[in-house]
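The values are calculated or read from the model by the stated rules, or taken from the named source; none is laboratory data. What you see is a predicted model, and the numbers here were worked out from it, not measured in a lab. Don't worry about glycine lacking a Cβ; one is built from the backbone with ideal geometry, like all the others, and counts go over all protein chains shown.
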């Protein structure tokens, strides 16, 4: 069963149940209130007729006149003023659900009243006095002068009150059927309205499953479905960006691998054809190209492992200042070769330089940063390294001398294979992956790395890591 059918059944069944319960409640309450109202009106009528009969007997001193005068009897049991009073009382009926005006002669109480003499013999009305459920004596000076009987409306056959109740039930049933038809229509409308954003999401996910990441959903509401639509759009944007990055990754990777392979192939073909001699110089050149290719493959492997969260880290407490100083000492020969002056690292003995990290990965991070400085700083150059405590983080800055990097390029240096001067980078063996690796390692240590212009005219790398203790 589709979701729209479930919505429809839920709304329709709920509406039918509520309408049915309301019908039963309203009709039962109406019947009870109406019967109570009828009994009250008939009781008032009955007492008034009894009083009039007493007055009549006081004047006539017998019932003979009534026996032979039907018109007189009707004037007593159904007087015009009684009808007027009844109409006046029915204009504002007491039952709460009595939303209509009853006709003045609806109850016809007078036709169900019977009169009997002292011996309970019929004068007007039913033959036997016991046929009347309600019987009361007519007293004059505490003497019984006759009996009056009444068949209540609710017990009378073909009672106008019963007929009126049946008519109202018929009207209620018609109204209920109309409400059910309206509920049916509203259930269809509401189910279609609610299913529309869901259908959008279903169609959009189908397109997403087919690889169409450009499809977007226009949110139709601001509820949970609207939030789901916005989340879908964010997911589609992420997948589209990842697809573009993957394509760019494949393009850049193939391009970077093609360069050393092309050099190797061209030189080997030249040696094969006898154009070049396979001497020591030529072989060293080929070995350098193989080394560049091996370096590129190693960097790609590191990034691939980091992306798939399979790059293993052995975290433990270590002194980042000692590790940095050890790396600087091991690179002293490289600094001399590149004519790079590195200012001595100044440390504050009162500061705790302990962090929670992987020694080999952090050393790889420092080597990448120092190697970039050695490769791309003009000779003679300078490098200044500062390590300080800022709030609860250890802040490490690498500031080198010219050349600098403009702000636009600074934003892209962490992108894989991005290099400011690609020809110069290849000349010095760069792969364009070093800073991307640095960012991966820093984020794995819950730190942050950023690039700014250096006060010495070059590039400044700022690294922050949380301190322990």
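Structural remarks
- All positions within region 180-189 that are surrounded by fewer than 18 Cβ atoms within 10 Å (Cβ to Cβ) and either touching a residue at least 40 places away in the same chain (Cβ under 8 Å) or more than 30 Å from residue 14 (Cα to Cα) (or both): 180, 184, 186, 188
- Within region 351-390, tally of residues that are more than 15 Å from residue 459 (Cβ to Cβ) and either surrounded by fewer than 19 Cβ atoms within 10 Å (Cβ to Cβ) or not assigned by TED's automatic domain parsing to the domain that holds residue 449 (or both): 14
- Screening 372, 352 for residues that are more than 30 Å from residue 242 (Cβ to Cβ) and either modelled with pLDDT of 85 or more or within 51 Å of the chain's Cα centre (by Cα) (or both) leaves exactly one candidate, 352.
- Here 229, 266 are screened, and the one residue that is modelled with pLDDT of 75 or more, on the phi < 0 side of the Ramachandran plot and in contact with a helix residue (DSSP H, G or I) (Cβ under 9 Å, 6 or more places away or on another chain) is 229.
- When 112, 126, 196 are checked against the criterion of being free of Cβ contacts under 8 Å to residues at least 40 places away in the same chain and either farther than 30 Å from residue 2 by Cα or touching a helix residue (DSSP H, G or I) at 6+ places or on another chain (Cβ under 8 Å) (or both), 126 stands alone in meeting it.
- Under the condition of being part of a helix (DSSP H, G or I), surrounded by 13 or more Cβ atoms within 10 Å (Cβ to Cβ) and modelled with pLDDT of 85 or more, the residues counted in region 327-349 number 3.
- Checking each residue in region 346-361 for being touching a helix residue (DSSP H, G or I) at 6+ places or on another chain (Cβ under 6 Å) and under 19 Å from residue 399 (Cα atoms) picks out only 347.
- Residue 300 part of a helix (DSSP H, G or I), surrounded by 12 or more Cβ atoms within 10 Å (Cβ to Cβ), at pLDDT below 80 and within 42 Å of the chain's Cα centre (by Cα): yes
- Positions within region 410-463 being farther than 17 Å from residue 396 by Cα and at pLDDT 85 or above, in sequence order: 457
- Verdict on residue 19 being at pLDDT 85 or above, out of contact with any strand residue (DSSP E or B) (no Cβ under 6 Å at 6 or more places or on another chain) and closer than 30 Å to residue 193 by Cβ: yes
- Restricting 37, 46 to residues that are in contact (Cβ under 8 Å) with a residue 24 or more places away in the chain, surrounded by 12 or more Cβ atoms within 10 Å (Cβ to Cβ) and farther than 22 Å from residue 145 by Cα narrows the list to 37.
- Taking (1) under 30 Å from residue 13 (Cα atoms); (2) surrounded by 12 or more Cβ atoms within 10 Å (Cβ to Cβ); (3) under 24 Å from the mean Cα position of the chain (by Cα); (4) at pLDDT below 85 in turn, residue 208 satisfies each apart from (1).
- Residue in region 311-324 that is within 41 Å of the chain's Cα centre (by Cα) and either assigned to a helix (DSSP H, G or I) or at pLDDT below 75 (or both) present: yes
- Exclusive hit being under 30 Å from residue 108 (Cα atoms) and touching a helix residue (DSSP H, G or I) at 6+ places or on another chain (Cβ under 8 Å), set 167, 204, 161, 187: 161
- Flag: residue 67 does not match the condition of being more than 21 Å from residue 160 (Cβ to Cβ) and at pLDDT 85 or above.
- A single member of 149, 104, 110 is modelled with pLDDT of 90 or more and either surrounded by 15 or more Cβ atoms within 10 Å (Cβ to Cβ) or not in a helix (DSSP H, G or I) (or both), and it is 149.
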